[in-house]
Amino acid sequence: MVGNLEVMSEVMLGMPATPPPVLAERRETRQLMVGKVGVGSGFPISVQSMTTTVTADVNATLQQIAELTAAGCDIVRVACPSQDDAEALPAIAAKSQIPVIADIHFQPKYVFAAIEAGCAAVRVNPGNIKKFDDKVREIAAAARDHGTPIRIGVNAGSLDPRLLKKYGKATPEALAESAMWEASLFAEHDFHDLKISVKHNDPVVMIRAYEILAEQCDYPLHLGVTEAGPAFQGTIKSAVAFGALLRQGIGDTIRVSLSAPPVEEVKVGTQILQSLNLRPRKLEIVSCPSCGRAQVDVYKLADEVTAGLEGMETPLRVAVMGCVVNGPGEAREADLGVASGNGKGQIFVKGQVIKTVPEHQIVETLIEEAMRIAEEAGAQAETGAPTVTVG
């Protein structure tokens, strides 16, 4: 016996042994490499964010990149509005643990500086770079020589004046036409290592713009709702927009734009992909919304269990349930769970009750069991031995 468990057969934690279901097959796209990260169909959808530091402050920028990396960010973007920022790019690109994209506006010279600096990619906004179209041939040549992909990033707030005049405002058609026009200029010079984004603050407009693009090209697409707002509003708008597009297989990289620390963007983006089975799940807390049947403080229990297991990497589904109606069933389906009531909680591991504890011991017990399961899962990964399950 191991505690209340005995070795019987292998247990698969978190995700099922067979590939989990997804809403749609990914749209077929060209493929490109942003540093070590593959982008396009055939590669996982990657999560991006952007630093909020002054890029010229190399140490502060690298510190924030390290925090983003630890949170699960795959690719990071840094702003380059000045010469001092451009001069900082070589050190940042060389020392970052994840690929760095330079974000260029207004001055074409910084595009060339970013390419020379060794950035993994360069994002350009044709609508606000002076004489951008006249520089495409030179940019394409420099990018080709250095193996640097280009992201054409069209924003509703900085749309090409020619298209604003034509459409009157940033419609889906205007956003898509702007992106396709710039892509065609690169194609004229046989440069196709392009990724495209057409961002708008209205999810409905944004969704339609990406749908139009998906019909007109096979370039990888970077999804984003620009100026999405504070954390709560921005999370909702991004989740709705991304879900609608990913349901159609559209989207190869994502950024959740929040008026919040960039680490929060990564957390939300990661959770969106995990929720759709587009990224391997780690810790997942399943908890009930509470109701008049609840005999424990479910909110408090869920918050305390979440805090106690923060940072856990093992793919573990933990159910925190507060009544006898759905509680036992949900707890039984999870890797670890509790069905609470009458001042006590039944602790489930892989579908079986292993003990019943007083209410004040529920959180402590769940955390202890989760740590034990994670430790055994780690040992199994190292030795290939069977895991511990319920007898």
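The values are calculated or read from the model by the stated rules, or taken from the named source; none is laboratory data. What you see is a predicted model, and the numbers here were worked out from it, not measured in a lab. Cβ sites come from the backbone with ideal geometry, for glycine too, and all protein chains shown count toward neighbours. Please note that ligands, DNA and RNA were not included when accessible areas were found on the heavy atoms of the full protein model with its side chains. Shrake-Rupley method; radii C 1.70, N 1.55, O 1.52, S 1.80 Å.
Averaged per residue, segment 122-208 has 43 square angstrom of accessible surface, using a 1.4 angstrom probe with ligands and nucleic acids left out.
Mean sequence separation of contacting Cα pairs (under 8 Å, at least six apart), scaled by the length of the chain, corresponds to a relative contact order of 17 percent.
For LYS95, a cut-off of 20 angstrom between C-alpha atoms picks up these aspartates and glutamates, skipping any fewer than 8 places away in its own chain: ASP57, GLU67, ASP74, ASP84, ASP85, GLU87, ASP103, GLU116.
Note: relative contact order over segment 283-376, using C-alpha pairs below 8 Å and six or more positions apart, is 23 percent. Taking the DSSP bridge list for segment 258-391 and keeping only pairs wholly inside it, about 60 percent are antiparallel. Of the trypsin sites (Lys or Arg not before Pro) in segment 87-194, the ones in a loop by DSSP (not H, G, I, E or B) with at most 15 other beta carbons within 10 Å are LYS130, LYS131, LYS169.
Solvent-accessible area of HIS200, all protein chains in place: 30 Å² (probe radius 1.4 Å, heavy atoms, ligands and nucleic acids excluded).
Taking every DSSP helix (H) stretch of at least 4 residues in the chain, weighting each as -39,500 (n - 2.57) and dividing the sum by the residue count yields a mean residue ellipticity at 222 nm of -13000 deg cm²/dmol.
GNM remark for the chain: springs join alpha carbons under 10 Å apart, and the peak mean-square fluctuation among SER340, SER41, SER197 falls on SER340. For the chain, modelled as a Gaussian network with Cα springs under 10 Å, which listed residue fluctuates most, PRO126, PRO81, PRO220? So, out of PRO126, PRO81, PRO220, the one fluctuating most is PRO81. Compared with the direct C-alpha span, the chain from THR356 to ALA187 gains 54.2 nm at full extension, assuming 0.36 nm per residue. Relative to the longest principal axis of the Cα atoms of the chain, helix 298-308 runs at roughly 70 degrees.
On a per residue basis, segment 283-376 carries 48 Å² of accessible surface, using protein heavy atoms and a 1.4 Å probe.
Identify the trypsin sites (Lys or Arg not before Pro) of segment 244-338 meeting these criteria: DSSP loop state and at most 15 other C-beta atoms within 10 Å of the C-beta. Counting only loop positions with at most 15 other Cβ atoms within 10 Å, the trypsin sites (Lys or Arg not before Pro) in segment 244-338 are ARG247, ARG293. Measuring with a 1.4 angstrom probe and ignoring ligands and nucleic acids, CYS119 comes out at about 10 Å² accessible. Within segment 342-357, whose backbone N sits under 11 Å from a point 7 Å along Cα→Cβ of GLN295? Taking a point 7 Å out along Cα→Cβ of GLN295, the residues of segment 342-357 whose backbone N falls under 11 Å are 342-346.
The charge dipole of the chain, taken about its Cα centre with unit charges on the Cβ atoms of Lys, Arg (+1), Asp and Glu (-1) only, comes to about 860 debye. Considering only protein heavy atoms and a 1.4 Å probe, what is the carbon-and-sulfur percentage of the accessible area of segment 240-391? C and S fraction of accessible area: 50 percent.
Relative to the longest principal axis of the Cα atoms of the chain, the long axis of helix 362-383 makes an angle of roughly 70 degrees.
Taking Cα centre as origin and charging only the Cβ of basic (Lys, Arg, +1) and acidic (Asp, Glu, -1) residues, the dipole magnitude of segment 181-284 rounds to 620 debye.
Positive-end ranking of THR55, VAL225, GLY292 along the dipole of the chain, with charges on Cβ about the Cα centre, is headed by VAL225. Taking a ≥ b ≥ c as the square roots of the eigenvalues of the Cα gyration tensor, an a/c ratio below 1.5 marks segment 32-276 as rounded.
Projecting the Cα positions of PRO108, ILE139, LEU164 onto the charge dipole of segment 32-276 (unit charges on Cβ atoms of Lys, Arg, Asp and Glu, taken about the Cα centre) puts LEU164 furthest along the positive direction. Axis angle, to the nearest 10 degrees, between helix 132-146 and the longest C-alpha principal axis of the chain: 60 degrees. Counting only DSSP beta bridges with both residues in the chain, the antiparallel share comes to about 30 percent.
Atom-type composition of the exposed protein surface of segment 142-217 places 52 percent of the accessible area on carbon and sulfur (1.4 angstrom probe).
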